[in-house]
Amino acid sequence: MKYVINKTIDGSMTDFQMNLSVVSMFHIIEDAVTNLMHLLKIDGVIAKEKYGAYWVFVKNKIEILENVKWADLITVESFVSSFSSAKLSIDVMIKTNDEIKIYAKILLCALDLATNKIKKVSEVGVDSSFETHQSLISIDYDKIEIENETFIESVPVKFTSIDFCHHVHNVEYVRFIMNTYNQQNMEKQQLKSIQMNYLHQSFEKEILDIFINHNVDSINNFNVDKYIIKRNGEEIVSAQLYFIK
């Protein structure tokens, strides 16, 4: 089974250059994941009510092949590419004129509501009958290792950052990271790849500390920014962004 939807890029979804913003891109991709899971009858509401569990994103890596712009008519497609005993992998693509412009691979697992321990996917409605589709673009997750990071800022978690599972929504971490840049930064570089690793949850009223390690790959003409988001010194999210200059 695949989830497919056509939509137009509205002005509110774009950045200062009228390209699809990074935050909106993540929202589109995560909506495609959750809507597919709803079709498969394994979404978060069903997981909670029927199986006493909830799904969490473990990793999300996105490759931006070409910018999507304001007023573009896009097709968003998502499908299960693989699953193991404990993890589910979903691919999402954003296309214009039948050409892939953005491709993402998302890794999820289910946690028990009572114990917060990982549940087998077979315990939350995924079985051997699930149809899988071959990935159209091969994406490998990077091991994000950070040394000599620099503190940028602290961010208080507000009510509007909280989702259905009563923790910070995955996309909010992306917003926190993107808000460490400014217009001058982004005029000089273009994001080509971003990976988010979600290690732990955070909650309303907590204070999150954001750290960065900035590197220049002069051979490939890349800027590589690695981020850690910590709570009381504990790493809860890491990220890696590749920019072309």
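Numbers below:
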quantity: Residue satisfying condition, being in contact (Cβ under 8 Å) with a residue 12 or more places away in the chain, within 17 Å of M178 (Cβ to Cβ), assigned by TED's automatic domain parsing to the domain that holds K120 and hydroxyl-bearing (S, T, Y), within set T75, T14; calculated: T14
quantity: Strands (runs of 3 or more DSSP E) enclosed by segment 139-223 - at least 3 residues per element that are among the charged types (D, E, K, R) and farther than 29 Å from V45 by Cα; calculated: none
quantity: Residue within segment 230-238 that is part of a loop (DSSP other than H, G, I, E, B) and either at negative phi or in contact (Cβ under 8 Å) with a residue 40 or more places away in the chain (or both) present; calculated: no
quantity: So S138, is it among the small types (G, A, S), at negative phi, over 22 Å from the mean Cα position of the chain (by Cα) and loosely packed, with under 15 Cβ neighbours inside 10 Å; calculated: no
quantity: Selected residue [free of Cβ contacts under 8 Å to residues at least 40 places away in the same chain and either within 12 Å of I139 (Cβ to Cβ) or of a type outside the set (A, V, I, L, M, F, W, C) (or both)] from E99, E63; calculated: E99
quantity: Scope segment 141-155; condition among the β-branched types (V, I, T), surrounded by 15 or more Cβ atoms within 10 Å (Cβ to Cβ) and over 20 Å from the mean Cα position of the chain (by Cα); matching residues; calculated: I152
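Here is a yes/no grid of residues against (1) more than 21 Å from the chain's Cα centre (by Cα); (2) closer than 19 Å to F26 by Cβ; (3) at pLDDT below 95; (4) in the same structural domain as L65 (by TED's automatic domain parsing):
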position	(1), (2), (3), (4)
S129	yes, no, yes, no
Q134	no, no, no, no
V157	no, yes, no, no
F164	no, yes, yes, no
V168	no, yes, yes, no
M178	no, yes, no, no
Q195	no, yes, no, no
Y198	no, yes, no, no
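For (1) within 18 Å of Q240 (Cβ to Cβ); (2) free of Cβ contacts under 8 Å to residues at least 60 places away in the same chain, each residue gets a yes or a no:
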{"site": "S128", "(1), (2)": "no, yes"}
{"site": "L136", "(1), (2)": "no, yes"}
{"site": "E153", "(1), (2)": "no, yes"}
{"site": "D163", "(1), (2)": "no, yes"}
{"site": "I177", "(1), (2)": "yes, no"}
{"site": "Q183", "(1), (2)": "no, no"}
{"site": "N197", "(1), (2)": "yes, no"}
{"site": "N213", "(1), (2)": "yes, no"}
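The values are calculated or read from the model by the stated rules, or taken from the named source; none is laboratory data. A quick note: this is a predicted structure, and the numbers were derived from the prediction, not measured. Note: ideal-geometry Cβ built from the backbone for every residue, glycine included; neighbour counts use all protein chains shown.
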